[in-house]
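Colleague: One structure, as structure tokens, below. Some questions next.
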Amino acid sequence: MIKLFITSSCASCRKARRWLQENGLPFNEINIKTSLTKQDLIDILTHTDKGTEDIISTHCELYKQLNLDFTTMKFNEFIKTIETYPLLIKRPIIMDESNIQIGFNEEDIRVFLPQELRTIQRLEILEERWFKEVSNSL
């Protein structure tokens with residue numbers, strides 16, 4: 001099952017939700033401000049390549065105000081900090097058993113499609129590009 005971690009005010013989160021719905025993919029939506037659990041954080045971190053570095057939004061105003069050093073923070077301290085300040089997390093986060101996407105990227109999100117649908121969509125995209133190139137060359 002796909003998990004979609006969002007906030008309601010996030011435009012990229014709405015795009016991710018719409019994409020999943022349009023592609024008929026069932027998902028469990030989790031609002032990080034109200035429903036994020038310690039286990040959710042652990043699951044997210046186990047899917048990342050760089051751990052906390054991948055999920056912390058260093059460009060947000062809250063991060064700058066708090067002036068925290070996540071590189072020296074102990075794991076339990078990190079969890080408590082995110083439970084207190086969930087808006088420090090980048091969003092959306094889209095995750096299933098083996099994949100994670102942080103932020104919305106329309107090409108990368110296709111990894112959540114079943115293989116046969118990815119192949120069909122890839123062929124449709126290539127066909128569309130080919131027709132554009134032919135049309136532009138005429």
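The values are calculated or read from the model by the stated rules, or taken from the named source; none is laboratory data. Bear in mind the structure is a predicted one, so any value in this text is a computation, not a measurement. When we count neighbours, we look across all protein chains shown, and the Cβ atoms used for this are built from the backbone with ideal geometry, even at glycine. To get the accessible areas, we keep the full protein, side chains included, count just its heavy atoms, and leave off ligands, DNA and RNA. Shrake-Rupley method; radii C 1.70, N 1.55, O 1.52, S 1.80 Å.
Colleague: I'd like to verify a number: residues in the range 76-89 that are under 14 Å from Ser57 (Cα atoms) and open to solvent by 80 Å² or more (accessible area, probe 1.4 Å), how many?
Modeller: 1
Colleague: Six or more apart or on different chains, Cβ under 6 Å: which pairs go from a residue in the range 13-33 that's closer than 15 Å to Ile89 by Cβ to one that's open to solvent by 60 Å² or more (accessible area, probe 1.4 Å)? Could you list them?
Modeller: The qualifying pairs are Cys13/Arg91.
Colleague: Sticking with this one: Go over the candidates Ile42, Ile79 one by one and state the one that is of a type outside the set (Phe, Trp, Tyr) and under 20 Å from Gly103 (Cα atoms). Full working, then the answer.
Modeller: Values: Ile79 fails: under 20 Å from Gly103 (Cα atoms).
Sole residue among the options that is of a type outside the set (Phe, Trp, Tyr) and under 20 Å from Gly103 (Cα atoms): Ile42.
Colleague: Another question, then. Among (1) open to solvent by less than 60 Å² (accessible area, probe 1.4 Å); (2) assigned to a loop (DSSP other than H, G, I, E, B), which single condition is Leu20 missing?
Modeller: Here Leu20 clears every test but (2).
Colleague: I've got another one for you. Please go through (1) among the polar types (S, T, N, Q); (2) closer than 30 Å to Ile125 by Cα; (3) not in a loop (DSSP other than H, G, I, E, B) for Thr46 and return the number of the only condition it doesn't satisfy.
Modeller: The number of the failed condition is (2).
Colleague: Another question, if that's okay. Does any residue in the range 111-138 that is aromatic (Phe, Trp, Tyr) and surrounded by 10 or more Cβ atoms within 10 Å (Cβ to Cβ) come within less than 8 Å, Cβ to Cβ, of a residue that is at pLDDT 70 or above and in a helix (DSSP H, G or I) six or more places away or on a different chain, and which pairs are these?
Modeller: Close Cβ pairs (under 8 Å, with a partner that is at pLDDT 70 or above and in a helix (DSSP H, G or I)) amount to Phe112/Leu20.
Per-residue answers, yes or no, for (1) under 23 Å from Glu106 (Cα atoms); (2) within 17 Å of the chain's Cα centre (by Cα); (3) part of a loop (DSSP other than H, G, I, E, B):
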site: Arg14; (1), (2), (3): yes, yes, no
site: Glu29; (1), (2), (3): yes, yes, no
site: Leu36; (1), (2), (3): no, yes, yes
site: Asp40; (1), (2), (3): no, yes, no
site: Glu77; (1), (2), (3): no, no, no
site: Thr81; (1), (2), (3): no, no, no
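Colleague: Quick one: Asn67 ticks every box in (1) within 15 Å of Pro92 (Cα to Cα); (2) open to solvent by 90 Å² or more (accessible area, probe 1.4 Å) except a single one, so which number is it?
Modeller: The single condition Asn67 does not satisfy is (1).
Colleague: Out of (1) acidic (Asp, Glu); (2) open to solvent by 50 Å² or more (accessible area, probe 1.4 Å); (3) at pLDDT 90 or above, what's the single condition that is false for Asp40?
Modeller: Single failed check for Asp40: (2).
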